[in-house]
Amino acid sequence: MAGNSQRRNRRTSNKKGAQVGSGGQRRRGLEGKGPTPPASARKGHKKNRVANAQVKQAAARRPAPRRGGAKGTSEMVVGRNPVYEALRDGVPATTLYVQQYIDNDERVREALQLAGERGNINLMEAPRPELDRMTNGLNHQGLVLQVPPYEYAHPEDLTAAAYDKGEDPLIVALDGVTDPRNLGAIVRSVSAFGGHGVVVPERRAAGMTAGAWKSSAGTAARTPVSRVTNLTRALEGYQKAGITVVGLAADGEHTVEDLEALAGPVVIVIGSEGKGLGRLVGETCDYQVRISMPGGAESLNAGVAAGIVLYEVARRRA
């Protein structure tokens, strides 16, 4: 009897004997796989539902138009590197769309982190077919950034900003510049040399796209751009306000160095690298100036030319 009792006690004992090891699999399974995505990007989380609702509400609201200013169109930036670079360079954005079950590599984690740090970008999870539809089949690599329409200033806003500071207006107008990177570079130069804004025509010209924002290196956030339906009429309006209009031309009768008008209120008009100023725009200018080039180059990139003339204006005003 006693032997049977001892055997039963041994069978019901909670003491565990030696166990077969996992070979380290369990430990490797617990290793981290990178930062956890923000709550607003995790499907089923309360913050994700709130973010989705905010996106729908924002799409249903129609923003009030600016006084007299034109408005651009929304834009999509697609691909892991382009999205990351747009977020890094301060391109304004409303929503970052992330593909469901995306491979969470370094670029994806960095993009999510930058979007989260902004605090005003909605994070949305979407299936791949939906992202394919949104981007018209482009290779989005699971990341799509929605850029809101750019709110252009009214031409008079640029002069008003100058007078509010007690300064003579310094404005750059572009005629036929179609590369957004050139536009962004010119916005950057205007900001660097104390200018008050840039004017671009509505047709056959670059607008403030994500590419222009990137080239501006963040200065587009503080340097206004105005978009006009008729550039000649806008220049005539500036002339009536007492501002000298100076066109940059390879065969200009003056050089940048000897034109005294650059010391006062001025609009500098820059044409395309190939065609230069249009006929009507050129005839509207009070003066046409050229940049002396001892090296014999026929023309300069629009962004480079703008920087040279703006430097000369800033030097005269110093």
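Structural remarks
- Number of residues in segment 145-166 that are in contact (Cβ under 8 Å) with a residue 40 or more places away in the chain, open to solvent by 50 Å² or more (accessible area, probe 1.4 Å) and part of a helix (DSSP H, G or I) equals 1.
- Residue, most open to solvent (accessible area, probe 1.4 Å), within segment 105-144, restricted to residues that are of a type outside the set (Asp, Glu), more than 12 Å from Val78 (Cα to Cα) and in a loop (DSSP other than H, G, I, E, B): Asn120
- Some residue of segment 197-204 being buried (at least 23 other Cβ atoms within 10 Å of the Cβ) and either acidic (Asp, Glu) or in a loop (DSSP other than H, G, I, E, B) (or both): no
- Of residues in segment 75-104 being open to solvent by 20 Å² or more (accessible area, probe 1.4 Å), among the hydrophobic types (A, V, I, L, M, F, W, C) and in contact (Cβ under 8 Å) with a residue 60 or more places away in the chain, the one nearest to Arg188 (Cα to Cα): Met76
- Failed condition for Lys214, given (1) open to solvent by less than 50 Å² (accessible area, probe 1.4 Å); (2) touching a residue at least 60 places away in the same chain (Cβ under 8 Å): (1)
- The condition (being in contact (Cβ under 8 Å) with a residue 24 or more places away in the chain, surrounded by 19 or more Cβ atoms within 10 Å (Cβ to Cβ) and charged (D, E, K, R)) is satisfied by just one residue among Glu312, Glu257: Glu312.
The values are calculated or read from the model by the stated rules, or taken from the named source; none is laboratory data. The shown structure was predicted, so the numbers you read here are calculated from the model rather than taken from an experiment. Backbone-built Cβ (ideal geometry, glycine too); neighbour counts: all protein chains shown. Remember, those area values only see protein heavy atoms, side chains included, never the ligands or the DNA or RNA. Shrake-Rupley method; radii C 1.70, N 1.55, O 1.52, S 1.80 Å.
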